[in-house]
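Each reported figure results from applying straightforward, stated rules to the coordinates on display, with no laboratory input. Quantities reported herein were computed from a predicted structural model and do not represent experimental measurements. Please note: Cβ atoms are built from the backbone with ideal geometry, for glycine as well, and neighbour counts cover all protein chains shown.
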Amino acid sequence: MSFPSPLAQPPQASPAAIPPSPAPTGAIPVPARAGRGAPIWGFAIMAVLLVGLVAYMLTFLGVVAPIAGMLLALIPLAGVLFAIRLVDRWEPEPRGLVIFAIGWGAVVAVAIALLVDVGVALVLGPDDGSPLRGSMSAIVQAPVVEEIAKGLGVLLIFAVARRAFDGPVDGVVYGALVGAGFAFTENILYFATSLIEGGIGEATVTFFLRGILSPFAHVMFTAVTGYFLGRAAREGRSASAALGPWLFGMLAATALHALWNGSAILADFFALYVTLQIPLFIGFVLGIVLLRREEARLTRARLGEYAAAGWLSVAEVDMLATARGRRQAIAWARTLPGDRSAIMKGFIAEATALAAARQRAVSGRDPHAVEDERVFLERAAAARAALLAA
């Protein structure tokens, strides 16, 4: 694979359409963090609630059972996070927001759900074990409360980190991360309770049902909420204007959640698992594939504008905007002196960020997008120069 002339040549389009040639500064610029990071106060709230959750577990479950439950819960969490990483690989989200999303689900959303449980117990009295009480809790209370609690986290990310929330794929990723965090802590509680009440045998059954058969349940539910917020982001909506799509997404997520819980109570779980839940999961995966293709087409379109202006060649756009082209480019970079695959990955990441910034500029929803274009253009130019260095 060969590269045409360096990016630092003067563009052939008007400066108003494409950013001008970045002036050498002697240092690679750093993108502005405003609108890309998680709020510090959010982490402070998580820290306080985490102390409360730990105290709750130690008080009602002891020490050994929660630790065993956590070790078991780490297994499905690792698989889920790996799958989410594959979805997020095209344009990875900021690490701080990834941690915030997982933390919101694992701490804040769980704390909200537990507080509602306590409130319901105070109003209606302790759970008497009746089928009606159990069904209402599983099919109505849990889906509504939990999806609101998780959905608030995705909405918060949308509101405070709009420059890192570009479209449906981002929304699905943030929703999935929140769902993964919630499932992790919920699994700890379920696994620990099963171990205490039924020993290793019951804990094994619970792990099979939750960790093997349904590790992606919460991920799928909240990803639906994220998808609709992602559509709102692509349309350039503000946080207030996105409340409608957010509410619609939560209603859809709640319906899926209620359907899932209801299949375990009102019908033959395994029969519905094969005939309904597995097809739903397959449909979810196919939807992710289609969204990734849409993201690639958008990257191609925006980078194509740079190619038309003389910044990139058509071959480079093909390389940067296709998964196959990226794999071939990284393989080619490994053959360069000193193995420059890491530099190639950096070039791909900067070019992808450049395309996303260009999309925000075109949509007009981000007043800082033009400056982002200049920054990512200079970073891409630096990465490309390093690739071609003798």
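Side notes on the structure shown:
- Angle in degrees between helix 110-124 and the longest Cα principal axis of the chain, rounded to the nearest 10: 30 degrees
- Folded to 0 to 90 degrees: helix 40-61 orientation relative to the chain principal axis, Cα: 30 degrees
- Expected 222 nm ellipticity per residue - DSSP helices of 4 or more, -39500 (n - 2.57), all of the chain, to 500: -23500 deg cm²/dmol
- The range 40-266 - percent relative contact order, Cα under 8 Å, separation 6 or more: 29 percent
- The chain - percent relative contact order, Cα under 8 Å, separation 6 or more: 22 percent
- Relative contact order for the range 296-388, counting Cα pairs under 8 Å that sit 6 or more residues apart, in percent: 26 percent
- Dipole orientation for the range 296-388: of the candidates I330, A361, A381, I330 has the Cα lying most toward the positive pole (charges on Cβ; Lys, Arg +1; Asp, Glu -1).
- Taking the Cα centre of the chain as reference, the dipole from Cβ charges on Lys and Arg (+1) and Asp and Glu (-1) amounts to some 1260 debye.
- The angle separating the long axis of helix 323-334 from the principal Cα axis of greatest extent in the chain is about 60 degrees.
- Packing-based order for 264-271, 151-158, 178-185, using average beta carbon neighbours within 10 Å, highest first: 178-185, 151-158, 264-271
- Per-peptide average of other Cβ atoms within 10 Å, ordering 85-93, 110-118, 169-177 highest first: 169-177, 110-118, 85-93
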